[in-house]
1. Would you mind getting the accessible area per residue of the range 6-126, heavy atoms of the protein chains only, 1.4 Å probe, in Å²?
2. Run the reach check for Lys114 against lysines, Cα to Cα strictly under 22 Å, same-chain hits fewer than 8 apart removed. What comes back?
3. Scan around Gly10 for amide H atoms under 5 Å from its own, H built in the peptide plane at 1.01 Å from N, and keep only partners 5 or more places away or cross-chain.
4. Per residue, what accessible area does the range 131-253 have, given a 1.4 Å probe and all protein chains present, in Å²?
5. Please give every one of the aspartates and glutamates within straight-line cross-link reach of Lys216, meaning a C-alpha to C-alpha distance under 13 Å, and leave out same-chain neighbours fewer than 8 residues apart.
6. For a test of the definition: using alpha carbon positions, the gyration tensor, and the 1.5 limit on a/c, classify the chain as rounded, prolate or oblate.
7. Given all pairs of different Cα atoms, what value in angstroms does the Kirkwood hydrodynamic radius of the range 155-253 take?
8. Suppose every Lys and Arg Cβ carries +1 and every Asp and Glu Cβ carries -1, with no other charges. What dipole size does the chain come out with about its Cα centre, to the nearest 20 debye?
Amino acid sequence: MTARTPLIAGNWKMYKTEAEAEEYIQALLPRVSTVQGTEVAICVPFTDVKAMADSARGSPVLVYAQTMHERPEGPFTGEVSAPMLAEAGAQGVLLGHSERRQLFGESDDALALKVPAALRSGLTPVLCVGETERERDGGETEGKLRRQMGDDLAGVGEERLAEIVIAYEPIWAIGTGRVATPEQAQETIAFIRSLLRERDEGAAERVRILYGGSVKPDNAAELLALADVDGALVGGASLQADSFAQIVGATAR
Ligand code: 13P
């Protein structure tokens, strides 16, 4: 089996001004300077991308954005494109986070264009997928994931599939303190990998699949030890350098 490099990504959401971001990165860098064999990324607000990328240059910390528009440029007031993010120093971008889907109408049609657009600009796309509590209770989890994975990755050719990162975030576990049980996380992430295998056996083994939803320092090690879990997407616990560094430290395997 191909060894996949674990990825621990923090998602700051709409937190931290540039000054707060700078204070954070100065606190984080010494805590992760000796990390080896794990990638560390922080998904920051647009206004923090350039300063964070400058401060993190040469360190193990990568700077990602939280969303982008699918077109490289155009009359789309308020939007930011992949080439703009790449030039500002971002190395990746979250796409299809459930908050973007639910609150800002990010659609599967747009995502089908955004994922290849990110790749074209050299950004690592982290595609977020996941079910609501009602969908889980109704036995619709696998159907939902099959649809999201099929629709959102429709524009990605097999030759680039392995560069995508998938973040499985059960919506009922986001910001709620309710974390998926290890069995739920393992079973669902194994299902997502089986969907990727239907596309391409070889690439499926190289795609990293993260778990997200109430990951904290005290539950990270157990989740990260699961066979199919290649890292974590961390919201609230990424806002303090200390707790985020502890989660990064839990990846040893
Ligand atoms: P929490 O870790 O705060 O539950 O947020 C998860 C998330 O949405 C990360 O993208």
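The values are calculated or read from the model by the stated rules, or taken from the named source; none is laboratory data. Because the structure is predicted, anything quoted here is derived from the model rather than measured. Positions of Cβ are backbone-derived with ideal geometry, glycine not excepted, and every protein chain shown enters the neighbour counts. For the accessible areas, the whole protein counts, side chains as well, though only heavy atoms, and no ligand, DNA or RNA atoms are used. Shrake-Rupley method; radii C 1.70, N 1.55, O 1.52, S 1.80 Å.
1. Using a 1.4 Å probe on heavy atoms only, each residue of the range 6-126 averages 47 Å².
2. Straight-line reach from Lys114, under 22 Å: Lys13, Lys50, Lys144.
3. Close amide H contacts, sequence-distant or interchain: Ala41, Ile42, Cys43, Val234.
4. On a per-residue basis, the range 131-253 sits at 42 Å².
5. Asp242
6. Here the chain falls in the rounded category.
7. Computed over the range 155-253, the radius equals 13.9 Å.
8. It comes to approximately 280 debye.
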